[in-house]
Structures are given as C-alpha cells and as structure tokens.
1. Using the structure shown, decide if B:Ile47 is outside any loop (DSSP other than H, G, I, E, B), modelled with pLDDT of 95 or more and in contact with a helix residue (DSSP H, G or I) (Cβ under 6 Å, 6 or more places away or on another chain).
2. Among the residues of the stretch A:278-300, count how many are facing another protein chain (nearest Cβ under 8 Å) and closer than 22 Å to A:Trp256 by Cβ.
3. Which condition breaks for B:Leu238 when tested against (1) within 19 Å of the chain's Cα centre (by Cα); (2) in a loop (DSSP other than H, G, I, E, B)?
4. If only one of A:Ser46, A:Ser52, A:Ser60 is surrounded by 19 or more Cβ atoms within 10 Å (Cβ to Cβ) and not assigned by TED's automatic domain parsing to the domain that holds A:Lys215, which one is it?
5. Hey, can you tell me all the residues within the stretch B:158-201 that are surrounded by 18 or more Cβ atoms within 10 Å (Cβ to Cβ), more than 19 Å from the chain's Cα centre (by Cα) and either aromatic (Phe, Trp, Tyr) or part of a helix (DSSP H, G or I) (or both)?
6. Please work out which residue is farthest from the other protein chains (Cβ to nearest Cβ), limiting yourself to the stretch B:30-44 and to residues that are at pLDDT 95 or above and crowded, with 24+ Cβ neighbours inside 10 Å.
7. Taking the stretch A:58-67 as the region of interest, how many residues are more than 16 Å from A:Gly216 (Cβ to Cβ) and not in a loop (DSSP other than H, G, I, E, B)?
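The values are calculated or read from the model by the stated rules, or taken from the named source; none is laboratory data. What you see is a predicted model, and the numbers here were worked out from it, not measured in a lab. As a convention, Cβ positions derive from the backbone with ideal geometry for all residues, glycine included, and neighbour counts pool all protein chains shown.
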Amino acid sequence: MDVALKIWRYDPDSGERALKNYEVEAPEWSCLLDVLDLIKDQVDGSLAYRKSCRMMICGSCGMRMDGRAVLACKERMKPIVESGHVPVISAMGNMPVLKDLVVDMSPFWTKIKNMKPWLETGYEEIPDKEFIHSQEEMNPIHKEALCIMCGCCVSECNSMESDPEFFGPAALAKGFRFVGDPRDRMKVERLEDYNDEHGIWDCTRCYFCNERCPKGVDPRDAIAKLGAESIAEGIDRDMGAKHANWFVHSARTTGWLRETELVPKTQGVVSAIQQTKFALSLAKRGKVPPPFPPHVAENVQEARALYDVVKTRGVKGAAGIVQGERALSRIEHTNHE
Amino acid sequence: MKVAYYKGCLASLSAKELDSSTKALAPKLGIELEELESVTCCGAGDIHEAEPDYYLHLNARILAYAEATGADTLMTICNVCTLNLRQANFQLQNDDALRERVSDNLETVGAPRYWGGVEVKHLLWLIADGEGYEKLKEVAHKGLKGLKVAPFYGCQILRPSKLLGFEDPDRPWSLEAIIEACGGEAIDYPAKIKCCGFPIIQAREELALGELIQPIEQSLEAGADVMVTPCPLCHLSLDAWQQKLEAQTGKSYQMPILHLSQLIGVAAGLDDSELKFRRHVVSVDPVLEKLEAP
C-alpha cells in the first residue's frame, strides 16, 4: 500500500521547523514505526526518532499522531490509508524537542527518580526465609506495574502544561506502584513526599493520561489512589485534600455540596477574606448561595448512615478504587472484541 | 421518553439557570423529566479520591432511586456527574458481588437496592443523535442567525472514553451538530477538548488559570461571539473566573458563556424567566443584541 505522512521536522542546528510530506510503499501489516523506518531507509536518512523493541514493551517510540500521543509500534496504518487520511506526525508534548520526533526526557526521568522507585524493605540483611505474598496482596498494584515509561501520558497532561514542575501522571503512577506494594515499609514517608506543592493535588482530572496510556495503567486512577491513601493516613494539609474532605463532609451532613463554605474550608479564612471582592461580584449574580438555611437533601439521614456503614464495614483507602478495577477491565475487553 | 433527572449540586445552587432552562426545554424535545428528590452529591471526583468506597455507595444510591422511578435512563446535565455516575454504574453492573455488598448496605440504611438496570446519559447525548436530533431541528424554530458559537466540551464528557464512549474524544462532533441544527456556526479551535481548570481552581488557582486561558483566548481569536458548554463546572470557571484572567493579562475578553440548554433555549424561543441570563457574570447582552438585529 502507498502510505503518506506529514512529519514535523526540527533541526536544532538551524532552529528550522517545517512540516514535510513523505510517501512510501509499505506492506499492509505496517505500523507507523515500520513506515518511519522505510522513510529513513529510502527517502531521508536524517529523520530522527527513537525506537528499540518494536513490540510495545520498551516504551521508546512515543510520538504524536494527529496531536495524540501514541506508540509508533502500536498504530496500524492500513485503516488510516484506507480512509484516505494523511496523518500528521510530531514530537510528544510537555518535553523539549531535541530533533524531529526525539524529545528530551531528562525532566521525565528526574521526576521518576524523585519517586524513589525501588522497594524499601525495612531490613538491611537478607533474612533466612523468603516472604510469601499472595496474588490478592499484589493485585492492587497490577495496573501500575504495567507502565513502560513511554511518556505518552505526560505528553498531554494539562496540569503539566501549566505547571512544568508537576510530578505528572507517569511518576505518580510509579509512586503508587510502591505505596501499594505490601513489601514496602516507606508508605507514609512516600505519601508525605508525594503531597508536595507540585504533587498529587496538582492533578486537574482532565483524564488525558488514562486516554493516552497504551498499556492500560490509568495514571489518573493511580493519583486518586494516592489521594485516598494520604487522607486515610491523615496526610491532609494540602488545599486539595481539604477540598476533597469538604465534599465528604457536605455529603454526610446536608447531602449536597456546601458550595459557599468550600472556599474558607479549602483555603482558610484569611485567604477567603482576601477573595471578598471576587465573591461579591459573584454574589451579585446569585453565584454565592447563602449557607443558611442549608440546602438539605431529602432523606439525607440515609446518606449520613451510609457513611457510618462504610466506615465500619466498607473497604478503606485506595482499596475502594481497586475494588472496581476488575469490572472496568471487563469493559476494556468488551470494547476490544 | 421518560428519564430520571439528576440535576446535581451546581444546578441546585449557583447554576439554577441550568436547571430552569433544562426543565423548560426538555418537554419540547420529547424528554419527560422525573426529578430525583432523595439524592445527594455524586462526589465530583473529590469523594472518589477522599473516600472511594463512600463515593461508590452514594452513587449506587442515586442509581437505585433512578431505577425505582421505572425509567431506564438517568439523565445528567453535568460532565462530572456523568463520569462519576457512569464509573460507579459500570462497576456495579459488571461485578455482581460488589453490587450485592453495596445493595445490602443501601438496604441497611433504608434505601432501595440497585439491580443494575439504569443507563446514565448526558442531555447532550440525548439530543445530538437519533430522535432527539430530529426533534431539535423542529424546536429550534427561531434559529441563531449564523451566530458564531465556540463549543467547549470539557474533560469528563469525553475522557476516559471507555467509560463515556459516546463519541471520539479527540474529534467530538455532538456540540457542533447541535449548534448547526439551531442555525449557528460552529467555531473550531484546539482547546475545545481541554481542561477548564475547575477541579483545582480553589486549591491551585494559578495553575487552573493557566488552563482556563487557552479556550477563552483561542475561541476569541477564532472569531467566536459566544461559547457553549455541557458542564456547569466549566461554565462557572469560564464565566466567573474570566475576570481573574482579565486582571492577570490586562486584556478584556468579555466572552459570554452559555449552558447547552440555554443555547438551544434561545433558538427555541424560551422565556427570559427560564433562561435567566441575569445570573451570568459576563453579560450575554451582546449575543442577544446580535440575534435581535435586523
């Protein structure tokens, strides 16, 4: 088949950036990476991109196709060719471009390293007997352990575009891979570190990371698990945690969100007072509903009692998110069929 | 069609104009609303993060009350409610043991059990396709006179697509189809599928404003007269926090922001008492003047 691509080229020596057209003859089974190999081999040997395993394991060939971060080795070209569409290939986002499709991943690796991505077993000498862990104990980190660190989630992270220091979805998913590991003894210390001002509460829940991950890691869910574990451990000093806790308090008191009190409960009274002018501009338009009398849901006693039931017989912390993963993975399988 | 109507927190409080315009519009589109009374907040991602098991139970309770109405559809008017309810629903529908445990707990507190018989759909989906879309074309008799409308989807009606799945999350079409059916012109710009920053606007305002500026500036540059969104949280962010962007950049945007039900409502000739534009922070008058111009 004839495959046409448009590729954003970047030459660091001249600083020139240009969208170039390419067309090659490729076998029908070709993926995007095969086509790039053919272009490099037959048309322009100076085209730069990363690759290694060619089978979705190494995570080297992350790049954008029509603005979406993908693994070049995972994208089959035949349906695209048949549709007549000519895709635009470019480097991943949120990382500086070194040349053509190659990005500088050093900030990415620094953030991964800052997570202390190794087991802290709590002993120095290796014990005589091995520890046996069941499958059930390891299941909570199954998804996070699938990460191949390709950077596709980071490429489109909306929070990182605004705060480049945000730890980001890949590093935080790696963080949960250790926080949730029953063999690790540094859970609380890790959670303290991940509650940094550029940590878990920077996430804006745009879900681009879950959408882009080629391995089903669902980094946003991992961030939510870190939030749940932090709050379960009483690490709730961040405004993000206070914001989340106020929703819980609202549900178990009035049922509906107590919107007007959300600002002082999240930011503190002083900050809320500094916002008075802004609040008044909203109040004029009815956007600041008076907290009294409270807007109470009908049969709210059920929501209050449910909280107590969950606290006594429910599952705690991140396990509440993990419990739904089997059902969700069933949807993924159904979608693939 | 009869649907169980879940309006969520914002439409009950700071975005009452969304509730009133939805209630006025729905019957014209053949959607009979049975409003859920004994329900609470869906948790908005916050309870999902702080107390995940409580989140699941609260959403199961909403689904159970929706099921008890006899309707097979629970209609939402907020992206965040849509994702939270759909996520809980998929878990409860696909894991019998989980649904049994949660239903037992619901029964303990006096709520109905949930049997898994409800589908959660946003108003947008009910009118972008099929019978709803045909009705829309009849209802929007006043038209929008070529008004240039920038669709803003927001995040949690598109992603994660395995839970939402109505349309391609990278090339959505539903808002554009509705804008055009109403006689407007849909404006294209890259940030229409990105985040408005609302979930962290209290805890990380500067970061959130860095996200919010993109759709506002891009839609303005693309020549939009007005933006429309299916989410009251995006609406609040775009409408109320726009003044903070103006203070930060020294620019004047004055971009009016409409709820989906208001945009269709204008084309359908709804009354001002139903549209309630006076509740907006950025004035909608320029839009109305353009529509009234000969």
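1. In short, yes.
2. Final tally of qualifying residues: 11.
3. For B:Leu238, the failing item is (2).
4. A:Ser60
5. Within the stretch B:158-201, B:Tyr189 is the sole residue that qualifies.
6. Across the stretch B:30-44, the extreme among qualifying residues is B:Cys42.
7. Residues meeting the conditions: 3.
Condition check ((1) without any contact (Cβ under 8 Å) to a residue 60 or more places away in the chain; (2) crowded, with 20+ Cβ neighbours inside 10 Å; (3) charged (D, E, K, R)) across all residues:
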position	(1), (2), (3)
B:Val118	no, yes, no
B:Tyr133	yes, no, no
B:Lys145	no, no, yes
B:Lys148	no, no, yes
B:Ala203	yes, no, no
